[in-house]
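Take a look at the structure below.
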Amino acid sequence: MFRTNTSREFQQETVNIEDLVPQDHLLRKINETIDFSFIADKCRPLYCKDNGRPCIDPVMLFKILLIGYLFGIRSERRLIEEIKVNIAYRWFVGLSLTDPVPHHSTFSQNRRRRFQQSQIYQEIFDEIVIQAIQHGFIEGKQLFSDSTFLKANASKSKFKKQKVTVTPKSYMEELEKAIDQDRIRHGKDPLKKKQVKLEEKEIRISTTDPDSGYMVRDGKPEGFFYLDHRTVDGKYNFITDVFVTPGNVHDSIPYLKRLNRQINRFDFLVEEVALDAGYLTIPICQELMKRNIFTVIAHRRFRPKKGLFHKWQFKYIPEQDVYLCPAKHELRYSTTNRSGYREYKSNPNVCQNCPFLSRCTRSKTFQKVVTRHVWENAKEWVRKNRLSERGKQLYKRRSETIERSFADAKELHSLRYARYRGLAKVKEQCLLTAMAQNVKKLA
């Protein structure tokens, strides 16, 4: 018989919020798996011991933050409204059905004033990684690193141009020693020490978010962005490191420092790493070879001028320290320059009558020059690794690990755009997003 229930009256009922949360709910699994009590101890130094009003439980505050990042709720106002009406959210943060939810302004001011100037977000992220290590989900033997861009909350048309000083690379002292040793080995005097001249370059600074960087890359959008540099472990794809830079910082610059941090913080014994072509720099290859870490880095193609031979067509003979051109003529060592490159030059008298001259060089002196870095052996070692069977299998896993991690972060956890302005706030967003992904996987 057809009927409607238009005049239903609700009666007062006695219920237990514990019974209203489904047994298979994600938040119940997280609560059973992860011990969040460490948050209180880490936050204790940020509060006054014996003065002021009683605080809101910091564990509750971070659980509220975690809910927002787990379920992609970007607005803090909306997050508080959702907690008011969602039984599972209330249960997870420790509120009964009738307990008042903290006001959004109280919640946001605690986050902005108390926590932002501290390292609390990094410490909480690290603690979740440590719990995953204790459960046996992270080994630290196989690491995959890459970066993804977040669009800054700033218009690309609102900027000012500013000159900045380019700081010398951190490896320059080590490179200078290698240059001097190489020159002495070839019977030449070390180069005279030259006072380093700091270079200046003009960059665009956003007037809306000065911490962001103007990014111009092939195949990528142009504008003001941040970069989330991330590392994942190869066993179960847990995120082990997060670092944020402006969008105009090259991927390779923070890599070695972040690798060192993971080794020191988590006692990783790294055996293998796989990286994208952006990390194919000689200092990274040299350092990883020195540590005996099996390294695979994607190939980057360098195209010569149209009609000229590629550099790989000139074969290096290490026993004689010479290059052989396609016509089998020798290019002999000439010098090692300040940039760390050995120069190998051909004999102009031979080249002048060579049938391949037009495809070899367009020099008016009929002399071909091929350069080789003093650390070139490391780059060749990485290339052999990439072409090996082990290297091919390792690099293939990048799509299942680091790229999958970024895809989940953007699709499910709102990492496509920077929620806030300023490097510290964007770092908070990236750390909490990574923590949410790790917590979900751990549960």
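Entry comment: accessible area of the chain is 58 Å² per residue, from protein heavy atoms only and a probe of 1.4 Å. Here the Karplus curve 6.51 cos²θ - 1.76 cosθ + 1.60, taken at θ = phi - 60°, turns the phi angles of the range 418-433 into couplings of 6, 6, 10, 10, x, 4, 5, 6, 5, 4, 4, 4, 5, 5, 5, 5 Hz, with x standing for Gly and Pro.
Assigning unit charges at the beta carbon (Lys, Arg +1; Asp, Glu -1) and nothing else, what dipole magnitude in debye, to the nearest 20, does the chain show about its Cα centre?
Computed about the Cα centre, the dipole is about 2720 debye.
Please work out how much length the chain gains when fully extended from V166 to F10, using 0.36 nm per residue of separation minus the C-alpha to C-alpha distance, in nm with one decimal.
On the way: separation 156, 0.36 × 156 = 56.16 nm, distance 7.01 nm.
Residue separation times 0.36 nm, minus the Cα-Cα distance, leaves 49.1 nm.
Think of the chain as a dipole: +1 on every Lys or Arg Cβ, -1 on every Asp or Glu Cβ, centred on the Cα centre; then among I297, V273, Q122, I297 lies furthest on the positive end. The calculated 222 nm mean residue ellipticity attributable to helices in the chain amounts to -10500 deg cm²/dmol, summing -39500 (n - 2.57) over DSSP H runs of n ≥ 4 and dividing by all residues.
Under the 0.36 nm per residue contour assumption, what length would be gained going from the current alpha-carbon distance of R74 and N292 to full extension? Walk me through the numbers on the way to the answer.
Numbers: separation 218, 0.36 × 218 = 78.48 nm, distance 4.32 nm.
Taking 0.36 nm per residue and subtracting the Cα distance, the gain is 74.2 nm.
Among the trypsin sites (Lys or Arg not before Pro) in the range 1-49, those placed in a DSSP loop whose Cβ has at most 15 other Cβ atoms within 10 Å are R3, R8, K49.
Looking at the chain, the DSSP beta bridges with both ends there are about 85 percent antiparallel.
Rounded to the nearest 10 degrees, the inclination of helix 255-266 to the longest alpha-carbon principal axis of the chain is 50 degrees.
Charged side chains reduced to their Cβ positions (Lys and Arg at +1, Asp and Glu at -1) give the range 1-131 a dipole of some 620 debye around its Cα centre. What residues of the range 349-367 lie in the reach of a label at F302, counting those whose backbone N is under 18 Å from a point 7 Å from the Cα along Cα→Cβ? Under 18 Å, as judged by backbone N against the label point of F302, lie 360-363 of the range 349-367. Electrostatic bookkeeping for P326 treats Lys and Arg as +1 and Asp and Glu as -1; over the other residues with beta carbon under 15 Å from its beta carbon, the sum is +4.
Hey, any idea what % of the range 311-374's accessible area is carbon plus sulfur with a 1.4 Å probe? Each step should come with its number before you reach the end.
Numbers: 1980 of 3920 Å².
After summing per-atom areas, the C and S share lands at 50 percent.
Where in the range 341-368 does the amide nitrogen come within less than 12 Å of the point 7 Å from the Cα of E199, taken along Cα to Cβ? No residue qualifies, since no backbone N sits under 12 Å from the label point.
Rounded if a/c is under 1.5, else prolate if a/b beats b/c, else oblate: with a ≥ b ≥ c from the C-alpha gyration tensor eigenvalues square-rooted, which is the chain? If you can, show how the numbers build up before the last one.
Values: a/c = 2.59, a/b = 2.40, b/c = 1.08.
Prolate.
Can you check what the net charge comes to around R390, using other residues whose Cβ is under 13 Å from the Cβ of R390 (Lys, Arg +1; Asp, Glu -1)? Before the final figure, lay out each step's value.
Values: positive: K384, R386, K392, K396, R397; negative: E271, E272, E389.
Net local charge, R390 excluded: +2.
For the range 134-266, give the percent of accessible area contributed by carbon and sulfur heavy atoms, probe 1.4 Å, rounded to a whole number. Don't skip to the answer; put the middle values down first.
Values: 3730 of 7720 Å².
Looking at the range 134-266 in its full context, I get 48 percent from C and S.
Seen against the Cα atoms of the chain and their longest principal axis, helix 172-185 is set at about 20 degrees.
Would the range 151-291 count as rounded, prolate or oblate if I go by the C-alpha gyration tensor, calling it rounded below 1.5 in a/c and otherwise prolate when a/b exceeds b/c, oblate otherwise? If you can, show how the numbers build up before the last one.
Working: a/c = 2.62, a/b = 1.20, b/c = 2.18.
Oblate, since a/c reaches 1.5 and b/c is not below a/b.
At full extension, H310 and T208 could sit 32.2 nm farther apart than now, given 0.36 nm per residue minus the alpha carbon distance.
Set the Förster distance to 25 Å, then compute FRET efficiency between Q116 and T33 from the Cβ-Cβ distance, nearest 0.05. After rounding to 0.05, the efficiency reads 0.35. Once the Cα atoms are used to define both axes, helix 120-134 deviates from the longest principal axis of the chain by about 90 degrees.
Contact order for the range 311-374, expressed relative to its length and based on alpha carbon pairs under 8 Å spaced 6+ residues apart, stands at 27 percent. Measuring between their Cα centroids, the range 327-351 and the range 181-207 lie 22 Å from each other. Considering the options Q162, L357, Q286, tell which one lies farthest towards the positive end of the dipole of the chain, charges being +1 on Lys and Arg and -1 on Asp and Glu at the Cβ, about the Cα centre. My answer, from the dipole projection, is L357. Each of the peptides 141-149, 153-161, 226-234 was scored by the mean count of other Cβ atoms within 10 Å over its residues; in descending order, highest first, they stand as 226-234, 141-149, 153-161.
What relative contact order, as a whole-number percentage, does the range 17-117 give when Cα pairs under 8 Å and 6 or more residues apart are counted?
Numbers: 57 pairs, mean separation 32.8, N = 101.
This gives 33 percent for the range 17-117.
Would you mind working out the magnitude of the charge dipole of the range 352-437 relative to its Cα centre, with +1 at each Lys and Arg C-beta and -1 at each Asp and Glu C-beta, to the nearest 20 Debye? List each step's numbers first, then the result.
Numbers: 21 positive and 8 negative charges, 79 e Å.
Value, rounded to 20: 380 debye.
The mean sequence separation of alpha-carbon pairs under 8 Å and at least six residues apart, normalised by the residue count of the chain, gives a relative contact order of 20 percent. Positive-end ranking of A378, I34, H104 along the dipole of the chain, with charges on Cβ about the Cα centre, is headed by A378.
Between L26, L308, L79, find the one with the highest GNM mean-square fluctuation for the chain; connect C-alpha pairs within less than 10 Å. Result: L308 has the largest fluctuation of those listed. Report the local net charge at N347: Lys and Arg +1, Asp and Glu -1, summed over other residues whose C-beta lies under 10 Å from its C-beta. Result for the neighbourhood of N347: +2. Scalar couplings 3J(HN,Hα) for the range 135-140, obtained by applying the Karplus form with A = 6.51, B = -1.76, C = 1.60 to θ = phi - 60°, are 7, x, 8, 10, 9, x Hz; x denotes Gly and Pro.
The values are calculated or read from the model by the stated rules, or taken from the named source; none is laboratory data. These numbers come from a predicted model, not from an experiment. Cβ: placed from backbone, ideal geometry, glycine included. Neighbour counts: every protein chain shown. Quick note on the areas: whole protein, heavy atoms, side chains included, nothing else; ligands and nucleic acids left out. Shrake-Rupley method; radii C 1.70, N 1.55, O 1.52, S 1.80 Å.
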